[in-house]
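Visitor: To start, I am sharing the structure in question, which I have written as structure tokens.
The values are calculated or read from the model by the stated rules, or taken from the named source; none is laboratory data. What you see is a predicted model, and the numbers here were worked out from it, not measured in a lab. Here the Cβ positions follow ideal geometry from the backbone for every residue, glycine too, while neighbour counts run over all protein chains shown. Accessible surface areas use protein heavy atoms only, side chains included; no ligands, DNA or RNA. Shrake-Rupley method; radii C 1.70, N 1.55, O 1.52, S 1.80 Å.
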Amino acid sequence: KLSCRESASRPPHMYNSASQRSVHNMELAMTGPSSRPLSCGSLRLVIFEIVQWVTLFIPTILTAHQLVQNLGTRDGTLPRLYGAPVGTFWWIFGCAALGVSLFIYLPTKYMVHRRLDPRKQTWRPAVLLYNVFCGGPCFAFILLGTKILREARLPEDDKSRMYDEAVYFATPVIVFGLILTEWFCKGREDLASNVRAENMISDFLTVYDMLELVAAGRDVEVYESYWIYAVYAVAFLSMFKFVPRAPSCDYNHLARPYLLVNLTLHEVPYCVVRIALIALFGLKQGKLIYPLKNFLAIVFRMYQLHDPTDF
């Protein structure tokens, strides 16, 4: 006597009677030969999407909370936001997050999974969504706090402490969420293990470069000027360098676009902004190495553009 699994997997021509074939057809109709792998794949996809959604909104919530704390509370109100109640702020924030999730983020992710194969696509929609719905709002919260604190004329020690919290707490959380989202995308791409590991190491170098650029705002002169907006604008722009897929053996045709994106969104803007900061605010100790690093990276990338097949 065959078990349910054996009878479901047995070809129809191996049955000796019509009754056995009818039983086989009924079992296929009730369970289906592909229901098990489909359900496992769907469950894994749902888990990945939940983790990505949490990775997207946790930095936004933490940055908004830091903004509220830095603005200061008095009797449950935000005095520097025209006396708005704290509860009203969080209600508006929660409704906006829920609305974006239900009406923009989830439908977009559904259409992406319906139309694109993650193993063959040449760009990463998840990274693009993270930058738009997390990176942009988080940097906007930080800059909003910067503007309000500058106009409030607080003591320099308070300003330095609040910006240090943005540099050493908020920005690393935002960048870590970006890297984690990109690693999820790389895990679903058809890449060799050594290529994936090398790309992940390169990601940490980009993260360190981004954090060092944002840390330039710890200088009081830079913080008090409008160049702080240029610093965050360039840092936010460089987050989009992770949207294109990195070239590999099977995707060597992506080498030239990938190199151009790295030059346009990361190395060239970083080099220009750092040279401008040195020209306007003076050469700080140890800061010359960073524009020099960007300049050498531009030279190396240009050399790779000359022969992208050897990337």
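Visitor: Identify, please: which residue in the range 83-130 is open to solvent by 50 Å² or more (accessible area, probe 1.4 Å) and in a strand (DSSP E or B) and is, among those, modelled with the lowest pLDDT?
Guide: Of everything passing the filter in the range 83-130, Pro85 is modelled with the lowest pLDDT.
Visitor: Could I ask something else about it? If we scan the range 184-205, do we find a residue that is in a helix (DSSP H, G or I), open to solvent by less than 50 Å² (accessible area, probe 1.4 Å), modelled with pLDDT of 90 or more and among the charged types (D, E, K, R)?
Guide: no
Visitor: Hey, another quick one. Find all pairs meeting these conditions: Cβ atoms under 8 angstrom apart; at least six residues apart or on different chains; first residue within the range 288-305 and touching a residue at least 24 places away in the same chain (Cβ under 8 Å) and open to solvent by less than 100 Å² (accessible area, probe 1.4 Å); second residue of a type in the set (Phe, Trp, Tyr) and in a helix (DSSP H, G or I).
Guide: Tyr290/Tyr270; Asn294/Tyr270
Visitor: Take Arg150 and decide whether it is under 22 Å from Tyr163 (Cβ atoms), open to solvent by less than 50 Å² (accessible area, probe 1.4 Å) and either modelled with pLDDT of 80 or more or in contact with a helix residue (DSSP H, G or I) (Cβ under 7 Å, 6 or more places away or on another chain) (or both).
Guide: The answer is yes for Arg150.
Visitor: Here is a follow-up. I'm told Leu254 meets every condition in (1) among the hydrophobic types (A, V, I, L, M, F, W, C); (2) surrounded by fewer than 20 Cβ atoms within 10 Å (Cβ to Cβ); (3) closer than 26 Å to Ala215 by Cα except one. Can you identify the failing condition by its number?
Guide: (3)
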